[in-house]
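Here's the structure, in C-alpha cells; my notes come after.
The values are calculated or read from the model by the stated rules, or taken from the named source; none is laboratory data. Quick caveat, the model's predicted, so the values are computed rather than measured. Note that we place each Cβ from the backbone using ideal geometry, even for glycine, and neighbour counts take in every protein chain shown.
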Amino acid sequence: MAPASLLDLINSLPSSESWGPPTTTDTMLNGVPYAAFSKGDKLGRMADWTAEGKEREGRGGRQQYQQRYRDQIYGGGGGPGGLQTVFNIEGQNEENTFSLVDRSQTSSRSRGFGGRGSAVFRGRGARGQQNQRGGRGTYQRSDNRGGRGGYDSRGGRGGRGGRRFGWKDYDKPQRNREASVQPKDSWRMLEEIDFNRLSKLNLDTGEGEDLDDYGFLYYYDRSYDKQPGAATSARKLNVLDRAAYNVSTSSDPVIQELAEKDEATIFATDNILSMLMCAPRSVYSWDIVILKQGNKIYIDKREGSSLDMVTVNENAADAPLEMSEGNKDQINSPGALKEEATHINNVFPAQVVIESATSKHDMNNEHPFYNAAEETDPPASKSYKYRRFDLSLEADAEPLHLIVRTELDAVVKNNISGEDQFLTIKALNEFDNKAQGSGGALDWRSKLASQRGAVVATEMKNNSCKLARWTIQAILAKADVMKLGFVSRASPKNTSDHVILGVLGYKPREFATQMNLNLNNGWAIVRTFIDMVMKESTTDAKYVLVKDPNKPTIRLYQVPRDTFEEDEDGEMGASMLGKVDEDGAGADE
C-alpha cells in the first residue's frame with residue numbers, strides 16, 4: 001500500500017536513513033567537547049545592535065542581551081556532562097575581548113562641535129558679550145542651551161550671524177610652511193623644546209636699570225589723536241626720506257664698548273630679544289643666532305633675517321595662504337603683506353611727529369649710527385637706551401646680567417605735570433576685511449569709531465605675536481605710552497597708497513595684562529637658552545635657534561663658526577637698514 005503522504009514516507013524509512021545526523025550520546029570529538037545537536041532547539045535572538053543605550057528605557061540593550069539571550073544560542077540548551085558551563089565560560093572570555101565601535105551621538109556622551117558639550121572655539125558669532133551669546137570676534141561657548149551665536153547640538157550653524165561650519169572644517173590639511181633657514185648636515189642639534197614646556201617657566205628680573213642713552217626725539221603730533229575712524233581724522237600716509245637704522249647686536253659700537261668694560265655677560269637688541277621672549281606665540285618660522293665669545297654671549301641675527309619683517313594675521317585661525325597653497329591674490333600673500341606692513345611701520349613714526357630743530361628732546365649722547373658727513377637724508381626721530389637686567393638665580397655663584405638696546409620714537413608733554421613722556425609708535429594695517437586671511441576683522445572705516453574695543457580685540461587675536469613683541473619692546477625701553485596707528489589701504493587692491501584712520505594710546509603694562517602677556521615667562525625663556533649655551537664646553541662657538549615652520553617647537557643647533565658669513569666678509573648685518581624710499585625698501589649704504 002502506498003504511503004498517504006510524504007510524512008508517512010519519511011516515518012516508514014529505517015532510522016539509519018532518516019534526515020539529519022544520527023543520534024548519539026557521545027559528547028567528545030577528537031578530544032574536544034561539543035554540544036549535542038538537537039532538531040528541537042529553537043533559534044533565539046542572536047544580537048540586537050539597535051538596542052544599544054536603551055537600558056534606561058527598559059528595553060534591553062547589549063548588557064541585558066548578554067544576560068537574557070546568551071544561553072539561548074543555537075545548540076546551547078542540550079548536551080549532558082555539564083557542557084553548558086564550559087560554553088558559558090568560553091563565551092564570557094570572548095566577550096571580554098570584544099569592543100563595540102559606536103558612532104551614534106547621544107546627549108550624555110557627545111562633546112565638541114557635534115553635541116551639547118562644553119567645547120570652546122573661536123568664531124564670529126552674533127551680538128553679545130564674551131562668554132555669553134557669542135560676541136563678534138570673541139570666544140564662544142556652546143552650552144546646553146545652544147544659544148544665539150553659539151553652536152547647537154545638531155552640528156549646524158549657530159544663531160543669528162553665526163558661522164556655518166562645513167563638514168571638512170575639522171579636517172583641514174596641514175600647512176607645510178618653509179623654514180626661515182634650512183639646517184645643514186654640519187649642524188649639530190643640541191636641544192628640541194616644545195612651547196608647552198616654555199610656557200610654564202617663570203623668572204622675575206625686576207624693572208632693570210638705565211646705563212646710557214643716545215640720539216634725539218621729536219614731539220608727537222597730538223592732532224592724530226582725534227576720534228579714530230572719523231572722516232576728519234583720516235589722513236594720507238606720506239613717505240618721508242629719513243635715515244633709519246637697524247644695527248645687529250655684534251655690530252653695535254656701544255654694545256662692544258660695554259662688553260669691553262665687562263658691564264654684563266649677555267647682550268641683545270629689543271627686536272631680537274622680544275622674538276625670543278614671545279616664542280610660544282609665534283607661528284611662522286624664524287631664527288636667532290647666538291654667539292659665544294669667551295664669557296660673553298651675544299643674541300644676534302643673520303643678514304636678511306625675518307625678524308626685521310612685520311607679520312600680518314600670523315595668529316589668525318585662517319591665516320593668509322601662500323601662492324603655493326592656492327591663494328590667487330598675490331598682494332594678500334604672507335610675503336607681500338609682510339613687505340607692506342614693514343614699509344608702513346618704517347614711514348608711519350616719521351609722519352606723526354613734529355620735526356623742529358629747536359623743539360626736540362636731546363639725549364645724553366649723539367646719535368650712535370648717524371654720520372652727517374656721509375648721509376644726505378636727515379636722521380629719523382629715534383632714541384637708543386641701553387638698559388641692564390639681572391637674570392641671576394639664587395643658585396648662581398656669580399651674577400648674570402643682560403644689556404639690551406631699546407628704542408623710543410617720540411616724546412609728548414604730560415597734560416598735568418608738563419613732563420616729557422616717552423613713546424613707542426607702531427602701526428597696525430588693514431588690507432581687505434573680505435579677503436581670505438582677514439581673520440574676521442571688522443571694517444575699520446565704519447567700526448573703528450563705534451566699536452573700537454572689538455577692533456582692538458580682533459587684532460589681539462589675529463596678531464598676538466606681533467602685538468606681544470611690540471608691548472615687550474615698550475616695557476624694555478620703559479616707555480610711558482605705546483601708540484598704535486590704524487593704517488588702511490586707500491583701496492583694497494592698491495598696496496602703495498594708504499590712509500591713517502586714527503591713533504590709539506595704551507600704557508604698555510596695562511596692554512600686556514589685556515593680552516595675558518607674562519614678562520617673567522619671557523625672561524625665563526631667555527635664561528633657559530642661555531643656560532644651554534653656557535653649559536657647552538666650547539668657549540668660542542656659534543649657535544642657531546630655529547623655530548619649526550609647522551610645529552610649536554624650537555631647536556638649538558651648534559653650527560660652524562663661519563655660518564652665514566660667506567657673503568658678508570665675516571660681518572653679520574653690519575650696517576644700517578637703509579633709507580626708506582618710496583617703495584618702502586631699505587637700500588643698504
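Details
- Filter result for the condition that a residue is touching a Lys or Arg at 6+ places or on another chain (Cβ under 6 Å) and surrounded by fewer than 20 Cβ atoms within 10 Å (Cβ to Cβ), over Val559, Val503, Val546: Val559
- Test: residue in the range 563-580 that is in a strand (DSSP E or B), modelled with pLDDT of 90 or more and of a type in the set (D, E, K, R): no
- Qualifying residue in the range 375-384 (condition: more than 30 Å from Asn295 (Cα to Cα), β-branched (Val, Ile, Thr) and at pLDDT 90 or above): no
- Strands (runs of 3 or more DSSP E) fully within the range 358-451 that include at least 1 residues being of a type in the set (A, V, I, L, M) and in contact (Cβ under 8 Å) with a residue 12 or more places away in the chain: 401-408, 410-413, 420-430.
- Of all the residues in the range 330-357, those that are in a loop (DSSP other than H, G, I, E, B) and surrounded by fewer than 17 Cβ atoms within 10 Å (Cβ to Cβ) number 3.
- If the condition is being surrounded by 13 or more Cβ atoms within 10 Å (Cβ to Cβ), under 20 Å from Ala449 (Cβ atoms) and polar (S, T, N, Q), then the range 180-235 contributes only Ser233.
- Here is the figure for the range 233-272: residues that are of a type in the set (A, V, I, L, M), closer than 24 Å to Ser381 by Cβ and touching a helix residue (DSSP H, G or I) at 6+ places or on another chain (Cβ under 7 Å) total 5.
- Residue match in the range 324-331 (condition: within 24 Å of Asp390 (Cβ to Cβ), in contact with a strand residue (DSSP E or B) (Cβ under 9 Å, 6 or more places away or on another chain), assigned by TED's automatic domain parsing to the domain that holds Asp194 and not acidic (Asp, Glu)): no
- Of all the residues in the range 505-557, those that are more than 25 Å from the chain's Cα centre (by Cα), touching a residue at least 60 places away in the same chain (Cβ under 8 Å) and more than 18 Å from Lys478 (Cα to Cα) number 8.
- If you go through the range 503-551 and pick out every residue that is outside any helix (DSSP H, G or I) and among the charged types (D, E, K, R), you end up with 8.
- Test set (1) in contact with a helix residue (DSSP H, G or I) (Cβ under 9 Å, 6 or more places away or on another chain); (2) under 23 Å from Arg469 (Cβ atoms) - Ala435 fails condition number: (2)
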